[in-house]
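The values are calculated or read from the model by the stated rules, or taken from the named source; none is laboratory data. This one's a predicted model, so the numbers in the text were calculated from it and none came from an experiment. When we count neighbours, we look across all protein chains shown, and the Cβ atoms used for this are built from the backbone with ideal geometry, even at glycine.
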Amino acid sequence: MGARLDVAMDSLSAASLSGWTPIRVSTTGEPQVDWAIVDETFSDAFFEQTIERAMRRPFNRIFARRTTLSALEGGADATGLEPNGFIFHMSRCGSTLLSQMLAQLSATIVLSEPQPFDALLRLRGRLADLNEETLAGWLRAMIRATVRPRPDANRLFVKFHAWHVLELPLIARAFPEVPWIFVFREPRAVLGSQAKSPGAEVVAGTIDPRLLEIDPGAAFQSIPSDEYVARTLSAFCAAALSNKELGRSAFIDYATLPDIALSGLAEFFGVAPTAEEAKRMLEVMRLDPKDEGEVFRPRAEKDASGAIDGLATQWLDEPYRALRALALQ
């Protein structure tokens, strides 16, 4: 996020936050919420890109506000936009492209991996008296404060970070009526991508190893980094599978993109794209620099190295088979 001037704790009433958007939650010490004026829909591939642009404006650099979490909850607009669907994913599996396809639907906002949601979920274990219902309430309040109904937008999807699938029970508790999907991909392709450029979610220490059923000591001392990646991805898949009965769920195989997004996925979320919307949805898939101008098709998987093949066999092939058996066709 762009640089801004230091901000003092805002002492104004929560009602005065109408029209302001929570852009970041600090979890150092007492949790605090930073607010700014964001006068555009969230159309970027990631939430942070929209916020970065908003924070370049002199007004936000000078007048940005900060409150406690209690102000967020007390000032949450009861008329805030309710989510129409959630996107969880394995990582490196086409979920960003899929969320951008959904963003092409008219009157639709897609929040992609918003930092405030991630920060709230990381409060578990950091606040001694924090219970599930309070945390679920903060999540509800955060979404309502972030996205309010507007003439050009009345539909909302949220794409979560990969590790957030581990918090599915809490998220489903906060939003029991919201349908959700889990996007996955052939394990060797995901492991290969992570080997080239590891995402933060698979680096030891980024998330609590205990969420992955890994001993914290072993995570930093005895488990090789490539094995840690495989076990992390396996935990994501296992969490999606074990919680498949929570609410209404669907599973999306990378190999079926983009066609499944125009048929089964749209139907699952109760959306019927117009011809123009379907055209725009396909346009966002024209992003492969090796095949410019061609509609996206899943890339053929290259032969995996012996190490990657072994890790996939040990940790990921079994959940992958279970996910494929549940996938939308």
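Given the conditions (1) within 17 Å of the chain's Cα centre (by Cα); (2) of a type in the set (V, I, T); (3) under 29 Å from V38 (Cα atoms), which single one is not true for V183?
Of the numbered conditions (1) within 17 Å of the chain's Cα centre (by Cα); (2) of a type in the set (V, I, T); (3) under 29 Å from V38 (Cα atoms), the odd one out for V183 is (3).
Would you mind listing the strands (runs of 3 or more DSSP E) fully within the stretch 18-96 where at least 2 residues are touching a residue at least 24 places away in the same chain (Cβ under 8 Å) and closer than 18 Å to L156 by Cα? Let's see the steps before the verdict.
Values: elements: 21-26, 32-36, 65-68, 85-89.
Filter on the stretch 18-96 gives 21-26, 85-89.
Could you pull out the residue among L127, L120 that is touching a Pro at 6+ places or on another chain (Cβ under 9 Å), in a loop (DSSP other than H, G, I, E, B) and either under 17 Å from T68 (Cβ atoms) or not polar (S, T, N, Q) (or both)? Lay out the reasoning, then the answer.
Working: L120 fails: in a loop (DSSP other than H, G, I, E, B).
Result of the check over L127, L120: L127.
Residue by residue through the stretch 257-281, note down the ones that are β-branched (V, I, T) and in a helix (DSSP H, G or I).
Let us first name the residues in the stretch 257-281 that are β-branched (V, I, T), namely 260, 271, 274.
Within the stretch 257-281, just I260 meets the criteria.
Could you say which residue among A119, A76, A45, A103 is among the hydrophobic types (A, V, I, L, M, F, W, C), at pLDDT below 95 and farther than 27 Å from A255 by Cα?
Details: A119 fails: at pLDDT below 95; A45 fails: farther than 27 Å from A255 by Cα; A103 fails: farther than 27 Å from A255 by Cα.
It is A76.
Provide a single number: the residues in the stretch 167-202 that are within 11 Å of L233 (Cα to Cα) and of a type in the set (A, V, I, L, M).
Result for the stretch 167-202: 3.
I need the full set of residues from the stretch 184-206 which are in a helix (DSSP H, G or I) and touching a residue at least 40 places away in the same chain (Cβ under 8 Å), in order please. Steps first, please.
Pass one, the stretch 184-206, residues in a helix (DSSP H, G or I): 187-196, 200-202.
Matches in the stretch 184-206: P187, R188, A189, V190, L191, G192, S193, Q194, A195, E201, V202.
If the requirement is being farther than 26 Å from M101 by Cα and modelled with pLDDT of 90 or more, which of these qualifies: R56, R4?
Numbers: R4 fails: modelled with pLDDT of 90 or more.
None of the others qualify; the one that does is R56.
Hey, can you tell me all the residues within the stretch 245-256 that are part of a helix (DSSP H, G or I) and touching a Cys at 6+ places or on another chain (Cβ under 9 Å)? Steps first, answer last, please.
From the stretch 245-256, those part of a helix (DSSP H, G or I) are 254-256; that's our starting set.
Scanning the stretch 245-256 gives a single hit, Y254.
Out of the stretch 100-117, which residues are assigned to a loop (DSSP other than H, G, I, E, B) and over 19 Å from W163 (Cα atoms)?
The answer is A103, Q104, L105, S106, A107.
Failed condition for P169, given (1) surrounded by fewer than 18 Cβ atoms within 10 Å (Cβ to Cβ); (2) modelled with pLDDT of 95 or more; (3) assigned to a loop (DSSP other than H, G, I, E, B), with all others met?
(3)
Within the stretch 207-244, can you find the residues that are outside any loop (DSSP other than H, G, I, E, B) and either touching a His at 6+ places or on another chain (Cβ under 7 Å) or of a type in the set (G, A, S) (or both)? Walk me through how you get there before you give the answer.
The initial filter retains those residues of the stretch 207-244 that are outside any loop (DSSP other than H, G, I, E, B), namely 209-212, 216-221, 225-242.
The answer is G217, A218, A219, S225, A230, S234, A235, A238, A239, A240, S242.
Residues checked against (1) at pLDDT 95 or above; (2) not acidic (D, E):
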position	(1), (2)
T206	no, yes
D215	no, no
A230	yes, yes
A235	yes, yes
A240	yes, yes
T256	no, yes
I260	no, yes
L265	no, yes
